[in-house]
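Participant: This structure is in structure tokens; I'll ask about it shortly.
Values quoted throughout were computed directly from the atomic coordinates according to the rules given, and no laboratory measurement underlies them. On a predicted model such as this, the values are computed, not experimentally measured, just so you know. Ideal geometry is used to build each Cβ from the backbone, glycine not excepted, and the neighbour counts take in all protein chains shown.
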Amino acid sequence: MTSLALIAGTIPIAIGLNEASSQRVSMGIAIIGGVISSTVLSLIVVPAILPFFYWVSGLAAKLMELIGGQSSKAQHLEEVGSEE
């Protein structure tokens, strides 16, 4: 919502309706482009990449088990079980 408000507030600067504001047109366009790109990154790209990192961590845990070590989760469960 704040991104939309910022974009809506910057549109008059980006349009540049009179001669005095014509110098600020490029700044308004840059602000709008930056806000749109950061919004897309934070709302679409980051949540889409997160499952990939979960997959990589699971793959690394399986590799550690194949090499002969235990995964950190298995070690933690073993330690908790021995304390009781």
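Participant: Spin-label point model (7 Å from Cα, Cβ direction): what's the Met27 to Thr39 distance in nm?
Facilitator: 2.2
Participant: Pull out the extension gain between Leu66 and Glu19, defined as 0.36 nm times the separation in residues minus the alpha carbon to alpha carbon distance; nm, one decimal.
Facilitator: Difference between extended and current length: 9.9 nm.
Participant: Just to verify a number: FRET efficiency for Ile49 and Ala8, C-beta to C-beta distance, R0 = 35 Å, to 0.05?
Facilitator: About 0.75, to the nearest 0.05.
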